[in-house]
1. Restricting to segment A:41-61, count the residues that are over 16 Å from B:GLU111 (Cα atoms) and either facing another protein chain (nearest Cβ under 7 Å) or under 15 Å from the mean Cα position of the chain (by Cα) (or both).
2. I need the full set of residues from segment B:289-298 which are buried (at least 18 other Cβ atoms within 10 Å of the Cβ) and out of contact with any helix residue (DSSP H, G or I) (no Cβ under 6 Å at 6 or more places or on another chain), in order please.
3. Across segment A:99-112, which residue is farthest from the other protein chains (Cβ to nearest Cβ) among those that are exposed (fewer than 10 other Cβ atoms within 10 Å of the Cβ) and farther than 30 Å from A:GLY46 by Cβ?
4. Tell me the helices (runs of 4 or more DSSP H) entirely within segment B:90-163 that contain at least 3 residues that are touching a residue at least 60 places away in the same chain (Cβ under 8 Å) and more than 10 Å from every other protein chain (Cβ to nearest Cβ).
5. What is the one condition in (1) facing chain B (nearest Cβ under 7 Å); (2) within 25 Å of B:ALA167 (Cα to Cα) that A:HIS20 does not satisfy?
6. Before we move on, is B:VAL89 within 19 Å of A:TYR66 (Cα to Cα) and at pLDDT 95 or above?
7. Could you please let me know if B:VAL301 is out of contact with any Pro (no Cβ under 7 Å at 6 or more places or on another chain), within 14 Å of another protein chain (Cβ to nearest Cβ) and loosely packed, with under 12 Cβ neighbours inside 10 Å?
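The values are calculated or read from the model by the stated rules, or taken from the named source; none is laboratory data. Computed from a predicted model, the values in this text were never measured in an experiment. Methodologically, a virtual Cβ is constructed for each residue, glycine included, from the backbone with ideal geometry; neighbour enumeration extends over all protein chains shown.
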Amino acid sequence: MSVEIQSLDPRINRLGLHTHEPGSPDTLPPHDHWGTYQVFHQKKRGDRHTAVGIVHAPGAELAMAYAKEQFGRRGETANLWVVDTRHVMALDYADQDMFATTPEKSYRDPGGYKVNDKIDAYREKMSHEHTP
Amino acid sequence: MYGGGYIPKEEARKAVVNDDPEMLAAFEERVARGEKVEPRDWMPTEYRRQLIRMIEQHAHSDIIGALPEGTWITRAPGFRRKLALMAKVQDEVGHAQLLYSAAETLGKSREAMINDLINGKSKYSNVFNYPAKTWADVAVIGFLIDAAAIVNQVANSKGSYGPYCRALERICYEESFHLKQGHSVFVYLATGTPLQRSMLQDALNRWWKPIMHFFGPSDEMSEHTLTLMKWKVKMATNDDMRQQFLSLYVPKIQELGLSLPDAELRKDPDSGKWLFGDPDWAEFFAVIRGNGPCNAERLAVRKAAEVNGAWVRKALQQADARYVTPLA
């Protein structure tokens, strides 16, 4: 049986609420809270934008309003981006092994080109040759 | 703020579903190496189910937890206290938003979670089923409930599920502000007029039992519980977290000359463990089943918020919009 709620808070009493019966039909239909947007936050000018989380919104403008409130309410913020999650293409983690050999590609890194040994050996050799 | 990684007995006794043994072995190796699990990874059925249950409960606790404190915003003593309380309550709702998002990545929609909350199918922290009768309750909640929540959340932030850990990292940072402002209100009342002090002592007496309940009763160390610990879903036992909380905060209460309503509470010098009287677990279970002083009010207020906002959400709905599971 549904009973009227008696609260310590007069504002709640003014709502005239009644107890909710367990097992009653769902309050929210599917998609009632809209779709999702991915939020990217830039702390300072010159920094990169970093993915910080998501918001639910019916469109980009409201997504931005929620993003400001959720990800910009303390600390520094220079800029925010919001992107409809549908427009993000992501790799599957199951395919992570496609990158397994990249740490071994030293020919792509500055550290892969060490020549000081050669130079030292050359100078050593030269100094002997020119010594009378 | 949140109540416990407590696994109810009926959950702890469930058999673990048999998943593909090869995938399971690879998953367990990944977790043992300290690697995080990400949303679209293969994961054991039970891992997904328990994480949804836990993160969802955590989110519900934050959104319901905003209610007992929110009621004091209009009556906060002074402008700075009002600003602080508004910021704290907004943070709690923000935490719910972050946590619902983390749970959504596991495949349950936010609408489904809120429906289950309103219908009493999923739980939230028991402490929020008690009323905040005076301004001193705001001090006790902000200081001690948030402190207990931090103990729990710091443990969980080292868990294995990436999106939950990331949400908790941010949440723990904000909770430390809550704890500090709660402690400030607490100290001001404790060192204030005799009336302020007695108001605080009264609030402490009323809240001590729910605080002792916060981490839940001792865990049932079933095979199921041990599996969840191996998978880094449950990061510490309820008893260990309660001991940690008592060690950190009982001295901070006692240094202000306040008492706690448990004659048996003391630290055993030999074991270094806190001993305490029976915190009335029968009451804990009764409140979980829906028979606490404020269960009905909390759910009715939550439902009213959703129902009263429905026409706005509908008016803003766009025809081409479609729900997709968030990425992380």
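1. Residues meeting the conditions: 11.
2. If the condition is that a residue be buried (at least 18 other Cβ atoms within 10 Å of the Cβ) and out of contact with any helix residue (DSSP H, G or I) (no Cβ under 6 Å at 6 or more places or on another chain), then B:ALA296, B:GLU297 are the ones that fit.
3. A:TYR107
4. Hits in segment B:90-163: B:135-140, B:146-156.
5. Unmet for A:HIS20, out of (1) facing chain B (nearest Cβ under 7 Å); (2) within 25 Å of B:ALA167 (Cα to Cα): (2).
6. yes
7. Here the answer is no, as B:VAL301 does not meet what is asked.
This table checks each residue for (1) of a type in the set (Val, Ile, Thr); (2) more than 30 Å from B:GLY277 (Cβ to Cβ); (3) crowded, with 18+ Cβ neighbours inside 10 Å.
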site	(1), (2), (3)
B:ARG166	no, yes, yes
B:GLU175	no, no, yes
B:ASN205	no, no, no
B:MET212	no, no, yes
B:ASP219	no, no, yes
